[in-house]
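The values are calculated or read from the model by the stated rules, or taken from the named source; none is laboratory data. This is a predicted model, so every value here is computed, not measured. Every residue, glycine as well, gets a Cβ built from its backbone with ideal geometry; the counts of neighbours run over all protein chains shown.
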Amino acid sequence: MAYFILKRLVQSVFVMIAVAFLAFSLFRFVGDPITQMTGVETAIEDQERLREELGLNDPFVVQFYRFTGDMLQGDFGYSYRTRQSVGEMIASRIPATLELGTVALLISLIVGIPTGVYTALRPRGFVTQSILLTTLVGVSIPTFVIGIMLIFLFGVQLGWLPTFGRGGTVQVGGWESSLFTIDGWRALLLPAITLGVYQLTLTMRLVRAEMMEVLRSDYIRFGMARGVPMRSLYFRHALSNTMVPVITIIGLQFGGVIAFSIVTESVFQWPGMGLLFLESIRFVDIPVMGVYLVVIAFFFVLVNLIVDLLYVAIDPRLRIKDES
Amino acid sequence: MSFKVLKRSALIGSALLVSAAAASAESFKWASNTDPQTMDPHAVNSAPVLSFLNNIYEGLVRRNQGMAIEGSLAESWEPLEGEDGWRFYLRQGVTFQDGSAFNAEDVMFSYQRASNEAADVRSWFAPVKEVRVVDDYTVDFVTNAPNPLFPDSIANFMILDKGWAEANGAELPARDAENYATMNVNGTGPFTLASRDPGVKTVLVPNANWWGEVEHNVTEATFTPIGNAATGLAALLSGEIDFIQPIPLQDVAQVESRDGFKVLEGEETRVIMFGFGHEHEELLYSTDVTGTNPFQDVRVRMAAAHAIDIASIDRVLFRGKIDGASQLVPAGISGYSEANSTRPAYDPEKAKALLAEAGYPNGFSFGLKCPNDRYINDEALCRAAASMFAAVGLNAELSTGPVRDYWPQLRADEFDMYLLGWSPGTFDMEHPIRFLMSTPNSEKKLGSWNFGGYSNARVDELLPGIQREVDPAARQAMVDEVVAITQEEVAYIPLYTQPLIWAAKDNVDLTQRADNFFMLRWVTVN
């Protein structure tokens with residue numbers, strides 16, 4: 001098992017280097033950092049000197065080699081724009097993004113699984129049809145529109161919830177968390193719902209489809225024939241078998257949730273990694289963009305690894321195979 | 001906190017209740033679309049940084065509400081006798097926020113720091129030959145030539161404390177890694193930094209020992225950058241912030257229709273214009289003209305100018321909030337040429353006649369480049385202009401892109417015609433003449449934004465005179481001549497002055513300055 005995890009982590013380094021390479025080959029088309037860094041009155045020769053200092057005149061291969069070499073040594077470089085250490089900038093934004101992603105995922109599971117089960121058990125009911133229709137609408141509207149609609153309804157019209165930012169945060173061992181204050185939760189609610197809507201729909205429909213599939217299988221019918229109580233049949237026998245593919249998909253989606261929180265973070269001015277990335281695109285802050293993409297690649301690899309491990313934990317058959 | 005205050009005042013009496021309510025009203029929250037990326041006043045020459053830091057640091061001179069220059073850390077100044085330059089008499093008894101005294105050494109140190117290669121603001125000091133400390137409260141700035149505008153040009157040159165900078169290793173602006181001055185401040189200004197979380201939140205509190213007369217009633221000011229315009233508007237309308245700059249034009253009606261909010265409208269000093277590839281020998285993006293550049297013919301440029309209908313652009317795109325521009329600075333800026341204040345009339349027939357006269361009776365096609373995230377409604381403006389051009393036979397192939405990619409394209413000469421906005425940094429006509437109308441010359445630092453390479457020997461000849469002439473009438477005569485020449489030659493097509501639109505709660509009084517700077521010391525929360 002340890003060997004398996006180690007192997008995957010080593011593989012992740014190659015994934016990250018590949019992502020860095022792709023990213024770097026695109027950066028040249030993003031724009032010119034120098035004109036974004038200097039004022040209009042700055043002399044052309046001062047701009048050129050700055051360009052030389054930052055190594056922007058070097059060939060692509062040299063720039064890429066320098067970036068990956070520094071990164072492998074743990075040096076993430078400095079932002080062109082703020083001159084801060086990129087490692088620290090990203091690290092300080094990770095808690096916001098992870099908390100948002102996790103709460104969005106939890107919302108999607110807590111709401112998605114029960115509604116999925118319900119709609120599977122009563123496939124033709126009026127409530128089921130309404131739920132299916134509503135979520136279909138929800139998933140068809142772009143994230144930023146949902147976000148803006150929620151902001152104007154709950155923030156501006158009703159005035160119940162804040163419209164932007166993280167609200168009250170507390171430091172928990174260097175981790176800036178919004179999970180320990182009422183204000184923090186109030187600020188978290190709308191962005192988490194916005195980010196979670198797509199996941200929620202996906203979870204619900206997945207659970208529903210799998211559940212309906214499982215309910216048709218022989219062992220459920222035998223269970224019914226034997227007189228096993230329906231409640232136990234649905235929630236113990238059927239649901240746990242439903243969960244294997246659901247967890248795989250949802251787990252893999254979590255990487256996407258983290259990466260695509262960019263839109264939600266922008267709409268809610270949520271100070272996470274995604275917002276930082278958007279800002280750095282605007283100002284062609286290449287070091288920040290590079291490190292962000294590599295960190296996101298790492299998250300993807302990590303999430304996949306965790307999903308693989310969870311798989312083993314949930315599905316007994318895999319464990320037996322492993323032991324034999 | 002406020003609950004406690006309320007409870008206590010309920011015990012003591014209602015008089016206290018009133019004062020407690022007033023006290024809580026003085027905390028002020030505002031937002032803008034860009035975070036000042038550094039707290040170092042010499043590191044970056046950009047409006048968001050300089051505007052923000054003018055609340056914390058101060059210069060020798062400053063601009064008042066009407067943009068006029070007045071004394072700040074210098075109480076008075078006068079031209080040097082016997083040589084070119086200015087003598088500044090410094091204000092006595094001023095202390096920095098850490099308590100150390102301000103004197104001429106700090107000015108000297110700040111000059112050296114700001115004119116260093118590591119400072120982006122060093123171009124301000126290009127005319128300076130030498131700086132001399134005469135005594136503790138007198139400093140001489142010696143210039144290469146007579147420079148009547150020098151005091152105006154250093155309004156944003158902010159003074160740091162020498163001892164503080166040296167003790168914290170911030171002798172120079174950060175070049176690679178950040179330094180102490182990137183995140184910490186020690187100015188003489190009316191406000192000081194209470195906390196800073198870059199890109200998230202910055203809190204300012206009043207400087208109790210400020211030398212000036214306090215006009216504001218702010219006890220704590222919180223700044224949040226909000227990049228998304230809709231989010232910023234929602235934050236204002238939900239009452240979470242008191243003021244935001246700017247808001248999109250299309251949201252003005254939305255804000256005005258609600259009780260308790262107001263829109264502040266003014267004009268920025270930025271003039272939007274079209275520029276030509278004067279020195280291009282042929283069109284780059286034409287489908288029907290090869291081997292020649294019709295825009296080198298003044299009649300074609302004049303035809304383009306007559307094709308633009310500013311009144312329609314104003315009505316349709318800007319909801320009546322813009323005024324047409326006749327020259328590269330708006331009225332009110334020093335050096336504005338009253339004698340040349342009419343812009344080419346909208347006259348499509350005349351435009352067609354001019355084109356026919358120039359040998360293009362059926363017009364021709366060309367490439368028009370525009371940014372899509374730099375000026376208000378820039379892309380829409382270019383679409384409208386392209387259809388107006390097309391009506392007289394000038395078929396513009398429009399291509400738009402983000403500004404981060406736009407300047408490099410213009411520098412690489414990849415345009416036939418382009419859009420540009422220009423705000424004169426010194427608030428004088430000399431600024432656009434130097435940057436946009438002079439023949440490009442990197443050695444003399446002239447024409448660095450004259451992408452099309454417009455060149456006129458007489459304009460080049462007049463510029464040094466305009467820079468040096470002390471007599472206002474003689475100077476204005478030279479400026480008038482330049483404006484007349486460039487209008488006659490249609491060096492650019494000035495379009496309009498960009499509007500400035502801020503929004504605030506009704507109970508907030510503040511000053512909207514034409515340079516888009518927001519000064520906390522003029523804020524009153526009622």
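Here are a few things to note about the model shown:
- Some residue of the stretch A:19-41 being surrounded by 19 or more Cβ atoms within 10 Å (Cβ to Cβ), within 14 Å of chain B (Cβ to nearest Cβ), over 30 Å from residue A:313 (Cβ atoms) and touching a Ser or Thr at 6+ places or on another chain (Cβ under 6 Å): yes
- Residue check for residue B:350: assigned to a helix (DSSP H, G or I) and among the charged types (D, E, K, R): yes
- When A:71, A:1 are screened for being surrounded by 15 or more Cβ atoms within 10 Å (Cβ to Cβ) and either modelled with pLDDT of 85 or more or more than 14 Å from chain B (Cβ to nearest Cβ) (or both), only A:71 passes.
- Single residue of the stretch B:95-120 satisfying the filter (over 19 Å from residue B:212 (Cβ atoms), touching a strand residue (DSSP E or B) at 6+ places or on another chain (Cβ under 9 Å) and of a type in the set (A, V, I, L, M)) that is nearest to the other protein chains (Cβ to nearest Cβ): B:114
- When residue B:490 is tested against (1) in contact with a helix residue (DSSP H, G or I) (Cβ under 7 Å, 6 or more places away or on another chain); (2) without any contact (Cβ under 8 Å) to a residue 12 or more places away in the chain, just one condition goes unmet, and that condition is (2).
- Scanning the stretch B:325-342 for residues that are surrounded by 19 or more Cβ atoms within 10 Å (Cβ to Cβ) and either in a helix (DSSP H, G or I) or touching a Pro at 6+ places or on another chain (Cβ under 8 Å) (or both) turns up B:325, B:326, B:327, B:328, B:329, B:333, B:336, B:340.
- Being touching a residue at least 12 places away in the same chain (Cβ under 8 Å), in contact with a strand residue (DSSP E or B) (Cβ under 6 Å, 6 or more places away or on another chain) and not aliphatic (A, V, I, L, M) is not true of residue B:426.
- Out of A:134, A:115, A:143, A:102, one residue alone is modelled with pLDDT under 90 and closer than 27 Å to residue A:211 by Cα. It is A:134.
- Residue A:52 vs. criteria more than 11 Å from every other protein chain (Cβ to nearest Cβ) and touching a strand residue (DSSP E or B) at 6+ places or on another chain (Cβ under 7 Å): no
- Within the option set B:233, B:204, B:237, being away from chain A (no Cβ under 14 Å) and of a type outside the set (S, T, N, Q) holds for one residue only, B:204.
- Enumeration of residues in the stretch B:454-490 that are acidic (Asp, Glu), surrounded by 15 or more Cβ atoms within 10 Å (Cβ to Cβ) and farther than 27 Å from residue B:442 by Cβ: B:480
- Only one entry in B:417, B:429 is more than 14 Å from chain A (Cβ to nearest Cβ) and within 19 Å of residue B:305 (Cβ to Cβ), namely B:417.
- Condition check for residue A:96: in contact (Cβ under 8 Å) with a residue 24 or more places away in the chain, closer than 30 Å to residue A:162 by Cα and either aliphatic (A, V, I, L, M) or touching a Lys or Arg at 6+ places or on another chain (Cβ under 8 Å) (or both): yes
- Test for residue A:45: is it over 29 Å from residue B:372 (Cα atoms), at the interface with chain B (Cβ under 9 Å from one of its Cβ atoms) and surrounded by fewer than 20 Cβ atoms within 10 Å (Cβ to Cβ): no
- Checking each residue in the stretch B:23-82 for being within 14 Å of chain A (Cβ to nearest Cβ), assigned to a strand (DSSP E or B), crowded, with 22+ Cβ neighbours inside 10 Å and not hydrophobic (A, V, I, L, M, F, W, C) picks out only B:32.
- Selection within the stretch B:343-363 - crowded, with 20+ Cβ neighbours inside 10 Å, closer than 20 Å to residue B:293 by Cα and touching a residue at least 60 places away in the same chain (Cβ under 8 Å): B:360
- For the stretch A:119-149, the set of residues classified as more than 14 Å from chain B (Cβ to nearest Cβ), without any contact (Cβ under 8 Å) to a residue 12 or more places away in the chain and part of a helix (DSSP H, G or I) consists of A:126, A:127, A:128, A:129, A:130, A:133, A:134, A:137, A:140, listed by residue number.
- Flag if residue B:404 is surrounded by 20 or more Cβ atoms within 10 Å (Cβ to Cβ), in a helix (DSSP H, G or I) and of a type outside the set (Val, Ile, Thr): yes
- The stretch A:24-79: number of residues that are more than 29 Å from residue B:423 (Cα to Cα) and hydroxyl-bearing (Ser, Thr, Tyr): 4
- When A:306, A:262 are checked against the criterion of being more than 30 Å from residue A:218 (Cα to Cα), modelled with pLDDT under 90 and in a helix (DSSP H, G or I), a single residue qualifies: A:306.
- Look at (1) at pLDDT 95 or above; (2) surrounded by 21 or more Cβ atoms within 10 Å (Cβ to Cβ); (3) within 23 Å of residue A:82 (Cβ to Cβ); (4) away from every other protein chain (no Cβ under 14 Å) and you find that residue B:245 fails only one, number (1).
- Search result, residues across the stretch B:251-299 that are closer than 27 Å to residue B:348 by Cα and polar (S, T, N, Q): B:286, B:287, B:290, B:292, B:293, B:296
- You will find that of A:152, A:222, A:235, the residue that is within 14 Å of chain B (Cβ to nearest Cβ) and in a helix (DSSP H, G or I) is A:152 and no other.
- Comparison of A:188, A:161 shows that the only residue that is modelled with pLDDT of 90 or more and within 12 Å of chain B (Cβ to nearest Cβ) is A:161.
- Any hit, the stretch A:84-91, residues being within 14 Å of chain B (Cβ to nearest Cβ), small (Gly, Ala, Ser), free of Cβ contacts under 8 Å to residues at least 24 places away in the same chain and in contact with a strand residue (DSSP E or B) (Cβ under 8 Å, 6 or more places away or on another chain): yes
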